[in-house]
1. Test residue 108 against the stated conditions and say whether it is out of contact with any strand residue (DSSP E or B) (no Cβ under 6 Å at 6 or more places or on another chain), under 19 Å from residue 46 (Cβ atoms) and surrounded by 15 or more Cβ atoms within 10 Å (Cβ to Cβ).
2. If only one of 129, 89, 100 is surrounded by fewer than 21 Cβ atoms within 10 Å (Cβ to Cβ) and free of Cβ contacts under 8 Å to residues at least 40 places away in the same chain, which one is it?
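The values are calculated or read from the model by the stated rules, or taken from the named source; none is laboratory data. The structure presented is a predicted model; accordingly, all values stated were derived computationally and were not measured. Virtual Cβ from ideal backbone geometry, glycine too; neighbours counted across all protein chains shown.
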């Protein structure tokens, strides 16, 4: 008897969590689709949706990133174009779809160059290194990581430099 009550209580909790998640998703959608709101509020809602669902519903997030990108194009928001393409590339990389990742990283890099922001470009270059690493192309990965590291050094970005040094060190461990 206790076991049945426990199962019923667990089931009701799961339904409540699912309903709450759907309500949050719907409320965020209402914000980003509302053209009467400030663009920053709309992008913030899209950012929040990304953070909440990128790991649990990546395909849904990919569709949302298409909307994000289209909105950024309409608003001529180059930083948001960069963000949409970088995030899409990351999802494709995690899904082991290197072609999709590479095409999105290429567009993110172009946006970073248009912004004249070498730090953002270095982030993309580091991600290109990750693609090479995933494909066991160690030499190309090290080249990308070194290129990104050198940019981070010029920009005094010690965190970025450290991430690239760790990535290079990891390759040296993998290749032995």
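1. It is true that residue 108 is out of contact with any strand residue (DSSP E or B) (no Cβ under 6 Å at 6 or more places or on another chain), under 19 Å from residue 46 (Cβ atoms) and surrounded by 15 or more Cβ atoms within 10 Å (Cβ to Cβ).
2. Criteria check complete, one pass: 100.
Let's see how each residue does on (1) at pLDDT below 95; (2) assigned to a helix (DSSP H, G or I); (3) out of contact with any helix residue (DSSP H, G or I) (no Cβ under 9 Å at 6 or more places or on another chain); (4) under 26 Å from residue 165 (Cβ atoms):
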{"residue": "31", "(1), (2), (3), (4)": "yes, yes, no, no"}
{"residue": "35", "(1), (2), (3), (4)": "yes, no, no, no"}
{"residue": "61", "(1), (2), (3), (4)": "no, yes, no, no"}
{"residue": "66", "(1), (2), (3), (4)": "no, yes, no, no"}
{"residue": "73", "(1), (2), (3), (4)": "no, yes, no, no"}
